[in-house]
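Below is one structure, written out as structure tokens; comments come after it.
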Amino acid sequence: MEELTIDQVKALYPDEWVLMQIENKAENAPVDRGIVLLHGKDYLELCYKGSEIAKKYLTTILFTGTTNSNRKWLKATRLPEQPKTT
Amino acid sequence: MAQSYAFARATEDDLIVVSARIGNSIVDWVLDSGASHTFIDFGILIKEGYRLGDTKGLVPVETANGIIHANRFDVDLLSALGIQKQNFEVTSYLFDDPESTFRGVIGLDFLAGTKFCIDLVDCEITIHRQK
């Protein structure tokens, strides 16, 4: 299978989720290329299939569509655990 | 010993996103020094072979969409910014915006035992490991 750049993957599989195998990535370096293992519209389906075929490979999951650049992160806070009485 | 890691932040809308490894998955995470705990999208855990049956239990989580119950998992390996944690507890739920650019949040529990400096001028994170 051929190694592709992120731009090539986006052109080939627009608006899809893509599971890519990565090789030789330095820590904190952005992923800029990889080998496409799976692609599709359903994120969870890709995750389940990926767990079966890509256990031994270093991988990343990429969404090739447009994200909302104005979307802001809003906090998620773990609350104290309360024992259930019933 | 200190180690520095660069990040890109082109506009004031941009978050601090760092690359992390969980198992064999490379994932973009938001570094949130205001978060007490580390969160990850459940899809990534599924890809790494975790299933709901592996949960340590539910915990209430306050999100932008109200209070939800998320699962706690011990992950075999989580590494980012030169820090490696084994059998580390993460909180996980299906992020309500799967098309966001990040799939996890690094919280203070991951950074425990370090001194860290976030430099927003030079866009650099410096981690000092405790001896």
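Tabulated data for the structure shown
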read-out: The stretch B:7-41: number of residues that are more than 7 Å from chain A (Cβ to nearest Cβ), within 16 Å of B:Leu81 (Cα to Cα) and among the polar types (S, T, N, Q); value: 2
read-out: Qualifying strands (runs of 3 or more DSSP E) (wholly inside the stretch B:51-131; at least 3 residues being away from chain A (no Cβ under 12 Å), surrounded by 15 or more Cβ atoms within 10 Å (Cβ to Cβ) and not acidic (Asp, Glu)); value: B:66-80
read-out: The stretch B:3-17: number of residues that are outside any loop (DSSP other than H, G, I, E, B) and out of contact with any Phe, Trp or Tyr (no Cβ under 6 Å at 6 or more places or on another chain); value: 4
read-out: Selected residue (only one of A:Leu37, A:Leu19 is touching a helix residue (DSSP H, G or I) at 6+ places or on another chain (Cβ under 6 Å) and either of a type in the set (A, V, I, L, M) or within 30 Å of B:Thr126 (Cβ to Cβ) (or both)); value: A:Leu19
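Listed here are the residues, each with its yes/no results for (1) at pLDDT below 95; (2) within 11 Å of another protein chain (Cβ to nearest Cβ); (3) in contact with a Ser or Thr (Cβ under 8 Å, 6 or more places away or on another chain).
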{"residue": "A:Met1", "(1), (2), (3)": "yes, no, no"}
{"residue": "A:Arg33", "(1), (2), (3)": "yes, no, yes"}
{"residue": "A:Val36", "(1), (2), (3)": "no, no, no"}
{"residue": "A:His39", "(1), (2), (3)": "no, no, no"}
{"residue": "A:Tyr48", "(1), (2), (3)": "no, yes, no"}
{"residue": "A:Glu52", "(1), (2), (3)": "yes, yes, no"}
{"residue": "A:Ile61", "(1), (2), (3)": "yes, yes, yes"}
{"residue": "A:Asn70", "(1), (2), (3)": "yes, yes, no"}
{"residue": "A:Thr85", "(1), (2), (3)": "yes, no, no"}
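The values are calculated or read from the model by the stated rules, or taken from the named source; none is laboratory data. Since this is a predicted model, take the numbers as computed values, not measurements. Cβ sites come from the backbone with ideal geometry, for glycine too, and all protein chains shown count toward neighbours.
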